[in-house]
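Here is the structure we will look at.
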Amino acid sequence: MSNANHILRPGKRSIKSPETPIAYVADSTTSLKTSSENPSAARHNQILNCFAAVPRGAEELAGAELAALGIGDAKPGKGGVAFRTDLAGLYRTNLWLRTASRVLVQLAQFPCSSPAELYAGVHEIAWQELITPEMTLAVDCSLRDSTLTHSGFVALKTKDAIVDRIRESCGRRPNVDTTAPDVRINVHLHKNIGTISLDSSGDSLDRRGYRLERNEAPLRETLAAAVIALTGWDGSTPLADPMCGSGTIPVEAALMAAHIPPGLHRVFGFQRWLDFDNSLWKSICAEAEEGIRQVPVGLITGYDLDNRALLLAGRNTTKAGLEGQIHFFHAALQDFQPESDTGVIILNPPYGKRLGEEDDLRELYCQIGDVMKKRCRGWTGYVLTGNLELAKYIGLKASRRYVLFNGAIECRLLKYDLY
Ligand SMILES: C[S@@+](CC[C@H](N)C(=O)[O-])C[C@H]1O[C@@H](n2cnc3c(N)ncnc32)[C@H](O)[C@@H]1O
C-alpha cells in the first residue's frame, strides 16, 4: 500500500526531536515527572516510545500519516505503528491521526510468563507519580502467543499491582472505573514479554465527536479515512458516495479537504493526566484551527435512498463543523448521474449478514456495475464490501484489491478504472 494520500497531511510544521533524548522507559521503571532543574522543558523534551494501534490493513497508511506529521522513524507492524516523539508530538498525533484507533505511551517492558512476573513488573513502575488515590483507572489487556492466556486475569493482576503500589506510597488506593476512567492503562503480552502503556487517547480515536446517533451499519470513521486514503483522492476532483448512509465517507473526506483535524471536537485521555500541559495543547489546537479552510462547493456529494440516514448525515456534517459544505441528495443508486467528467466514487453497499438477504442484494450489486460502467466514464470507482460472493455480481474487473477490516469482518476495497 504505497499510495498514501497527500490530503491526510496536516500542515507544514514537523515535530522536532530533541538533541538529547531522555528515555521514557528507564530500566523497567519510569515516570512522567522529571528531576531536571527545568522540569517543564525536560518534560517537553522527553522522548516517548509510542505505539499507534491501527485497524488491520491500514498500518502503512498510519505510518504515512506519521511521516507527514514529521515523525520519520515510524515502524508499521501488525496491528499498529511504533514511533518515538515528544509531548507535543503525542498531543499532535492524537489530534491528527485519521486511521489510528489509539496512541499508547510505553512505560515498561519485561519478561512475563507467570502471574508473579507480571505483578512484579507492573509494581516496579512509580504509579504514585502518575495516578493519585482520588483518580480512577481502567486496565485493558491484549495477549498473543503467551503462557498467560486469560486477558481478564492479566488485567486484574495488573490492576492489583498498580493499586498496591499507590496504596504503599499514599496510604489509599484509587478506584476502578471501566467506562470513564481518568487513566486508561494497556497491558500487552506477546511471546511472554509484557508491555505496560498509558493509553493517551482515552476513547478510541474513531470517536471523533461528530456522530450523534448510529444508523444500522455505519462505517467506522477510521476505516472510512483509510478507504479515502487508499483511493489517493487529493481534494482536487469531486468525490461522490452514492450509498452514503449516515455520511461517514463524505464527512471524513470533507474533514481532510477542509484541513480539520479529526480530533478537534473531542477530548483525549492525556487531558486528564497529572502532567497535562494545557497551554501546549491549546497552542497545538490553535495552530490547527488556523489552517482550516472551506470545502469548495460541489466537491463532495452523498446520496441515499433512506431519508432517515440522510438526516443523520446532515446532523453529523453540522456537528463536524462542515455545515453546508457537503451536499446530500435523496436518490436511488439506479438514478445516479455524476455531474462532472472525472472524480472518485466510493460505494459501501450493504453486504447481507443474515440468511436470505444475499438474494435481494445480488440485483443491487449488478446495478452498481451497470451504473459505474454506463454513467461514470472517466471516474475511478471503489467498492468496499465484506461479501466477496456478492462482489462478483458487479461484473467488472477490479484493477486493485485492498484487504481491510471493519471490526472483525474482513473486507475488500475494490478499485475499478472506468473508461
Ligand atoms: C452499508 S450502508 C452505508 C453506510 C455508510 N457508509 C455509513 O457510514 O453510514 C448502505 C447504504 O446503502 C443504502 N442503499 C441501499 N440500497 C440503495 C439504493 N438502491 N440506492 C441508494 N442507496 C441505497 C442504504 O440505505 C444504506 O444507507
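For the range 332-384, the set of GluC sites (Glu not before Pro) satisfying both a DSSP loop assignment and a count of at most 13 other C-beta atoms within 10 Å is given as 339. With the cut-off at 1.5 for a/c, could you classify the chain from its C-alpha gyration tensor as rounded, prolate or oblate? Prolate is the answer for the chain, as a/c is 1.5 or above and a/b outweighs b/c. Using C-alpha pairs below 8 Å separated by at least 6 residues, the relative contact order for the range 101-183 is 38 percent. Under the criterion of Cα pairs below 8 Å and six or more residues apart, the relative contact order for the chain equals 15 percent.
Rounded to the nearest 20 Debye, what is the dipole magnitude of the chain about its Cα centre when Lys and Arg each give +1 and Asp and Glu each give -1 at the C-beta? The partial results should precede the final answer.
Details: 47 positive and 48 negative charges, 75 e Å.
Using Cβ point charges on Lys, Arg, Asp and Glu, the chain gives about 360 debye.
Beta bridges from DSSP with both residues in the chain: antiparallel share about 60 percent, rounded to the nearest 5. Of the peptides 384-397, 171-184, 237-250, 103-116, the order by per-residue mean of other Cβ atoms within 10 Å, starting with the highest, comes out as 237-250, 103-116, 384-397, 171-184.
Could you tell me whether the range 144-257 comes out rounded, prolate or oblate from its Cα gyration tensor? Rule is a ≥ b ≥ c as square roots of the eigenvalues, rounded for a/c under 1.5, then prolate if a/b exceeds b/c, otherwise oblate.
Note, shape of the range 144-257 comes out prolate.
Over all directions, the projected convex hull of the C-alpha atoms in the range 352-394 averages 3.0 nm² in area.
Averaging the Cα positions of each part gives two centres, and for the range 116-186 and the range 378-419 these lie 43 Å apart. Give, as ranges by residue number, the residues of the range 183-207 whose backbone N falls under 20 Å from the point 7 Å along Cα→Cβ of residue 156. Backbone N within reach: 185-189. Per residue of the chain, the DSSP helices (runs of n ≥ 4 H) give a summed -39500 (n - 2.57) that works out to -9000 deg cm²/dmol at 222 nm.
Extending 7 Å from the Cα toward the beta-carbon at both residue 192 and residue 315 defines two label points whose distance is 5.3 nm.
In terms of the Cα gyration tensor, with a ≥ b ≥ c the square roots of its eigenvalues, is the range 299-373 rounded because a/c is under 1.5, prolate because a/b exceeds b/c, or oblate?
Working: a/c = 2.60, a/b = 1.38, b/c = 1.88.
Here the range 299-373 falls in the oblate category.
Output the pairs from 319/415; 78/191; 353/392; 78/157; 392/415; 319/353 with a Cα-Cα distance over 20 Å in this structure; if there are none, say none.
319/415; 78/157; 319/353
Throughout, read-outs are computed from the coordinates displayed, never taken from laboratory work. In this text, all values refer to a predicted model and were calculated from it rather than measured experimentally. Cβ sites come from the backbone with ideal geometry, for glycine too, and all protein chains shown count toward neighbours.
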